[in-house]
Amino acid sequence: MKRPRKRAASVAVIDIGSNSVRLVVYESMTRSLISIFNEKTLCGLGREVQTTGLLAPDAVAKALTSLRRFRALCRVMKVGRVYAIATAACRDATNGPDFIAKAERICGVGIEILSGPPASISSRPGAAALFTRSAEHGARWHASTSFKADTRCG
């Protein structure tokens, strides 16, 4: 008698960008990703980085509140694995490391800070989740060929 195949655990990606914070949950980590949940909060983390060098305090508060919600949603949805990435604003801001430390405590996972133009691809819904797992290199992010890089996003 055949046993029913065990369903693969769902996977979530938290994308902390210069303008928004997004949670995308996928049914499982397979070749064809099927998103089952997608939520975005416009925070504007990067709106003052060019002028003050800092993430705006109100934007930080809004982003951290969203991350708390995302963590609760992942718990309720029983997500198997959560990956988190951050882009330009967190990388460039003087208070970026402090924000990342708080965000990591809230999310319960390390946050990979992407650098350069490939980071812009991650702002596309779900593109950040197209990754492969490698024993030697940990989580590696790969942009989907179905998403076009737009270096104006961050």
Between residues in the stretch 56-74 that are surrounded by fewer than 14 Cβ atoms within 10 Å (Cβ to Cβ) and residues that are assigned to a helix (DSSP H, G or I), which pairs lie under 8 Å by C-beta distance while being six or more apart or on different chains? Arg68/Ile106
Looking only at the stretch 21-35, and only at residues there that are in contact with a Ser or Thr (Cβ under 7 Å, 6 or more places away or on another chain) and surrounded by fewer than 18 Cβ atoms within 10 Å (Cβ to Cβ), the one that is modelled with the highest pLDDT: Glu27
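Okay, residues lined up against (1) on the phi < 0 side of the Ramachandran plot; (2) in a loop (DSSP other than H, G, I, E, B):
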| site | (1), (2) |
| --- | --- |
| Ile36 | yes, no |
| Lys40 | yes, no |
| Leu45 | yes, yes |
| Leu55 | yes, yes |
| Leu67 | yes, no |
| Lys78 | no, yes |
| Tyr83 | yes, no |
| Pro97 | yes, no |
Name the residue that is nearest to Ile36 (Cα to Cα), counting only residues in the stretch 57-83 that are at pLDDT 95 or above and of a type in the set (Gly, Ala, Ser). Ala72
Checking Ala12 against (1) out of contact with any helix residue (DSSP H, G or I) (no Cβ under 9 Å at 6 or more places or on another chain); (2) at pLDDT 90 or above; (3) of a type outside the set (Ser, Thr, Tyr), only one condition comes out false. Which one? (1)
With the checklist (1) of a type in the set (Val, Ile, Thr); (2) under 13 Å from the mean Cα position of the chain (by Cα); (3) modelled with pLDDT of 95 or more in hand, flag the one item Ile113 doesn't pass. (3)
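The values are calculated or read from the model by the stated rules, or taken from the named source; none is laboratory data. Computed from a predicted model, the values in this text were never measured in an experiment. As a convention, Cβ positions derive from the backbone with ideal geometry for all residues, glycine included, and neighbour counts pool all protein chains shown.
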